[in-house]
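One structure is given here, and the rest of the page talks about it.
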Amino acid sequence: MSDQTESPSPAPDERSSLWSVLRLGLPLVAGMGGHAFFNIIDLAMVGAYESDPVRAELTISGVTIASLLVTVPLVFVNGICNGSVAVIAQHFGAGNMRRANQASRQALLLCLLFSVLLGVIPGLLSGPIVDAFEVSAGLERDVAEEYFLIMSHGAVTGFLLMQITSNMRAIALGIWPMVLLLLSNFGNIVGNYALIFGTWGFPELGASGAAWATVAARLMSVVLGLFVLARAHPAIRIGLGGWRPRLRFLTQITAFGLPVALQWTVRMAAMLLLLLVVAPAGAAVKAAYGIGTRLETLTVFAGLGWGSACAALLGQRLVQGRIKAARLLTAQSAALNVATMTLMAVVYFIFAEDLIRLFSLSATEEVAGTVEHGARFLRVSAFSYPAYALSIVWVHGLNGAGSVKTPLLIDTIGLLVVQVPLAMWLVKTDLGTEGAWWAIVVSQWLLALVYYLVFRKGWWERKRLQRKRQQRTRSG
């Protein structure tokens, strides 16, 4: 089978594919960017709570450690959710609403299971887990343990919110995911102000108030999201019945989602390993790296919006055998993401010091060093954003086509085999810690080149066509 199976003249939705990407992608960019705001808002408002610089530093350190720990399972489950998008989108694109609906429900059940395995159980071990990071006794440890405990036991709200919005993305429903994520962020800001500082008659909970506010804000959006799903398109509509676990769909979603989850876990591991590489340089560098990566996640998650749109639309077109349309929308998604992340890179480069100072606690020498190192991190890593943008879209494109093991292999080699050893070598040169930031730039451009070659070779395309032949043979 070849591309000749497509109509020689483009279908109407192919001619308007750019509009399709914009219509789905723009709300997702705003909504996915909202995920990154949770940690940024919590860190900034907790820093503003403590007037004493020493207490503020210990409090922020505790929140930083805890938020990093709870981000790992969140990133893993986000990979499962992205895998479910490919499964649901393919059934939806084939016109099989019943199977799409079953897949969407099974994905929600998986999130409940992971909320126990990756949320409740780690929460019961919050003390030993926090102690493994050698936190100092007293305020820092108390903040880290309590924040981690609350966020772990409330992880179900974050997991369900990601899956609800993923189900919506799978059928190209982009407005509601944006609304739900923006609403949860607004609720988090209001909740932080009420619970951290004890305003409007609420108790003054300090750092733990930020955790409670996040859980409550996500729960509010989950309730609204379930209400929307109860009245949504038949492909993702939910009701009281039909929740019996189905091994077939659970296996299918896991087969797609697990490699994606592991892939993003590899990216998280690379970030943690870089922290270990620069840790000997002192607290100022570690703080700068922590703040810089939080600002970077805002850009990356916004870019994930274009990638998610690409995955959903590409999956629908491939199941219909329209390869040229799939390639066209991938190119358009890549161009839009490069424009978005390059714009963010320019903003970060120009206003680097001002952005880092948003998290400064006082005019102490340590904070001044944090601003200097943080600004360097932002200005160097900004050069990697265009390459990162391309990789995000091509990764999601491959995932949407059902190719999930190849991106996992590429990221493992590019980040753990190339980036981390390169950073370890460069920090020993005259570049110092800045060498670790340049290792990020080099590895991201190498990854972009590899993903371009893989996508251009069309292995994912031949796999899809082979599957279609097998399906037609069985049906015949």
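A few comments on the model shown:
- Per-peptide average of other Cβ atoms within 10 Å, ordering 209-220, 159-170 highest first: 159-170, 209-220
- Length available on full extension from L250 to L275: 0.36 nm per residue minus the Cα-Cα distance, which gives 5.4 nm.
- For the range 13-470: relative contact order, % (alpha-carbon pairs under 8 angstrom, 6 or more apart): 22
- Going from the residue with the fewest nearby Cβ atoms within 10 Å to the one with the most, C81, C111 rank C111, C81.
- Working note: Karplus 6.51/-1.76/1.60 with θ = phi - 60° gives the range 198-206 the couplings x, 9, 6, x, 7, x, 7, 9, x Hz, where Gly and Pro are set to x.
- The slack between I175 and W425, meaning 0.36 nm per residue of separation minus the straight C-alpha distance, is 85.4 nm.
- Efficiency of FRET between V417 and A132 - r from beta-carbon atoms, R0 35 angstrom, step 0.05: 0.85
- Neighbour-count ranking [beta-carbon atoms within 10 angstrom, fewest first] of W306, W264: W264, W306
- Put the Cα centre of the range 237-285 next to the Cα centre of the range 81-106 and the gap is 20 Å.
No lab work stands behind these numbers, since they all come straight from the coordinates. What you see is a predicted model, and the numbers here were worked out from it, not measured in a lab. Because the Cβ atoms are built from the backbone with ideal geometry, glycine has one as well, and the counts that use them run over all protein chains shown.
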